[in-house]
Structure formats: structure tokens, C-alpha cells
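Student: My questions all concern the structure below.
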Amino acid sequence: MSRPQNVGIKAIEVYIPKNYVNQAELEKFDEIPSGKYTIGLGQTNMSFVDDREDIYSLALTVTSRLLENYNVDTNNIGRLEVGTETLLDKSKSVKSVLMQLFGENTDIEGVDTMNACYGGTSAVINAISWVESSSWDGRDAMVVSGDIAIYSKGNARPTGGVGAVALLIGPDAPIVFDPTRGSFMEHTYDFYKPDFTSEYPVVDGHFSLTCYTRAIDQCYQAYSKKITKEKGKTVGVYDHFDYNAFHVPTYI
């Protein structure tokens, strides 16, 4: 079997619940200056779920829609990765719940990657690495990422929301991934969920922004070093990249 070429995204499906809070109305309710959420955070609405939806239903919905809308043969899926930080069970994975959609095809590798924000990205990287590896058996991979982000009353609450995305990963894709990556990871306590009885995280917003901008810079430096082969030399942001996508609402 020939090695896969042009590995990337072959199909995308997004699901956002129909229930939402208008951010302009939330500004009035919180009695804060107009535009703090809509302009400052760049958001017009914040989605939420009712008692009939959870991370399982979100993942099932977006996965089933991808399979149906793109006529994906479930037997042609060899890896399924899930990225989330929304837990309903500390042992049973969301991936195992999604296996209901794949019929008799039980030969599917992959599992959940649990991590704040980065879980979905890591799941995509894992899927790509599988397609490019010696373990690849010619089938495509799927990545499902979703979360229910809720916060207690305060400054962080308008940054919440709900959504899920499903990606079909494989060779000969219209959106091809650059094989060069720059990564950065460190031990910090800017955002974490130590209380298993609560959905609310502990957040230090200003420190988290510092961590984010430092991580962006370090990833850029690491990527540039791999491209230029020289330490301290960077690629031009505007010359090398066509578009720059950042973490919302913490864009820069």
C-alpha cells in the first residue's frame, strides 16, 4: 500500500444548540458598559443546553450528521478521536458512546483526549499521525471535539458556550495540514477544575491571557526554528501565513 499524500480535512460538520443568550442583553443584565461582550469579546450570542442535551448527545449529533451529509461509509473509519473537557463519567469515554453509530465496525482505534481547550487540537494531531504512520490501514480517521463551557457569575461567564465539531481526516484532502508544527506546554494554574462536584472552573483571567500570549510566542519561535533551521530567526507572519486563527475570545 502506497503511503498517504496530502493528509488533511476531507469534511467538516458543526453543531451548535438552538438555545442562546444574546450578549447585548447579557450586558444589560450584568449592568456593564455596552460593547464589553459584543465588541470586547467579539461575540453576539452565547449558546447553552437544556436538560435534554449533554456532551454525549452533542457528539452523537455532530458525528451522525457528518456520516449522513457526506455519505461516509462507517466501515471506512479506522480511527476515532474525541477531544473534550466535559465529563459525564471518569472512566467511560465519549468515544465509546459514539461507537453506536458505526454498526459492526468495532475495529476503530482512538480514545478521548481530555484537556482544556487543547484537547481537540491534540485529537486532530493524533488522527493525522495515525494516517501518516506505519499503522495506517488505508481507512480514514474521524475527530470529534465538543464542550459545554459554563462559568459561575462574574467576569468569565460571557466567555462560555456550547458546540461540537466533527472532522473527517484522510489523504488527498482539500485542506492539507502542514507537516511542520511548533508546540509549547508548561505547568500553570491559570484555568483548572479541581472540584469534581462542580462544573465551574477556577479562572485567573489576566494570568491566563499572559499564559496564552506566551504560548503563542513560543509556538511561533519553535515553528520558525524548524522552518529556518536557525535559532532566533523567525518566518514573516504576513509573508509566510495566509491566515491566522486564534483561540476565541482570547484572540490577539
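Student: Using a 10 Å cut-off on Cβ atoms, rank the peptides 183-192, 58-67 from the highest mean neighbour count down.
Tutor: By packing density, highest mean first, the sequence is 58-67, 183-192.
Student: Next up: Can you tell which of I108, F184, I77 lies farthest toward the positive end of the dipole of the chain, using +1 and -1 charges on the Cβ of basic and acidic side chains (Lys, Arg; Asp, Glu)?
Tutor: F184
Student: By the scheme Lys and Arg +1, Asp and Glu -1, what is the net charge of all other residues having a beta-carbon under 10 Å from that of G110?
Tutor: Net local charge, G110 excluded: -1.
Student: Note down, for the stretch 1-135, the three equivalent ellipsoid semi-axes (square root of 5 times each alpha carbon gyration tensor eigenvalue), biggest first, whole angstrom.
Tutor: Semi-axes, largest first: 34, 18, 15 Å.
Student: Can you sort E81, E199 so the residue with the fewest Cβ neighbours within 10 Å comes first?
Tutor: Ascending number of Cβ neighbours within 10 Å: E199, E81.
Student: Could you check what % of the DSSP bridge pairs in the chain are antiparallel, to the nearest 5?
Tutor: Roughly 70 percent of the beta bridges in the chain run antiparallel, per DSSP.
Student: Which length gain, in nm to one decimal place, applies between S47 and V111 when the Cα-Cα distance is subtracted from 0.36 nm times their residue separation?
Tutor: Going from the current span to full extension adds 20.4 nm.
Student: Also: Let me know the Kirkwood hydrodynamic radius for the chain, please, with Cα pairs as the basis and the value in Å to one decimal.
Tutor: 20.0
Student: Here is a follow-up. What distance in nm separates the two pseudo spin-label positions at Y192 and D217, each 7 Å out from Cα along the beta-carbon direction?
Tutor: In this crude label model, Y192 to D217 measures out at 2.4 nm.
Student: Put a dot 7 Å past each Cα toward the Cβ at D73 and D30; how far apart are the dots in nm?
Tutor: About 5.0 nm separates the two model spin labels.
Student: Students often check this: by mean Cβ neighbours within 10 Å, which of 72-78, 156-162 ranks highest, and how do the rest follow?
Tutor: 156-162, 72-78
Student: Taking Cα pairs under 8 Å and at least six residues apart, what relative contact order does the stretch 1-150 come out at, in percent?
Tutor: So the answer I get is 27 percent.
Student: Sticking with this structure for a sec: Evaluate the distance, in nm, between pseudo-label points positioned 7 Å from the Cα of L87 and of Q5 along their respective Cα→Cβ axes.
Tutor: 4.5
Student: Give me the dipole magnitude in Debye, nearest 20, for the chain about the Cα centre, with unit charges on the beta carbon: positive for Lys and Arg, negative for Asp and Glu.
Tutor: For the chain, the charge dipole is close to 660 debye.
Student: How high is the relative contact order of the stretch 113-234, given as a whole-number percent (alpha carbon pairs under 8 Å, six or more residues apart)?
Tutor: 19
Student: If each residue's Cβ is checked for other Cβ atoms within 10 Å, how do E31, E53 rank with the fewest at the top?
Tutor: E31, E53
Student: Report, in listed order, any pair from K92/K153; K36/K153; K28/K193; K90/K193; K92/K193 with a Cα-Cα distance greater than 23 Å.
Tutor: K92/K153; K28/K193
Student: Here is a further query. Going by C-beta contacts inside 10 Å, put H247, H206 in order with the fewest on the left.
Tutor: Ordered from fewest to most neighbouring Cβ atoms within 10 Å, H247, H206 come out as H206, H247.
Student: Something else: Provide, in order from the shortest bin, the percent of all Cα-Cα pairs of the stretch 191-252 in each 5 Å bin, continuing until the bin that contains the maximum pair distance.
Tutor: Per 5 Å bin, starting at zero, the Cα-Cα P(r) for the stretch 191-252 comes out as 4, 14, 18, 19, 15, 11, 8, 6, 4, 1 percent.
Student: Let me ask something else about it. Quick one: go through the stretch 1-15 and flag any residue whose amide nitrogen is under 16 Å from the point 7 Å out along the Cα-to-Cβ line of D137.
Tutor: What the label zone holds, given the 16 Å backbone N cut-off, is 1.
Student: Please state the relative contact order of the stretch 180-252 as a whole percent: Cα pairs under 8 Å, 6+ residues apart?
Tutor: Answer for the stretch 180-252 is 30 percent.
Student: Can you give the FRET efficiency to the nearest 0.05 for E199 and H240, using r as the Cβ-Cβ distance and R₀ = 45 Å?
Tutor: 0.65
Student: Also: Can you give me the C-alpha center-to-center distance between the stretch 88-154 and the stretch 5-54, rounded to a whole angstrom?
Tutor: 23
Every number in this text was worked out from the coordinates using simple rules, so none of it is lab data. This is a predicted model, so every value here is computed, not measured. All Cβ positions, glycine included, derive from the backbone under ideal geometry; neighbour counts span all protein chains shown.
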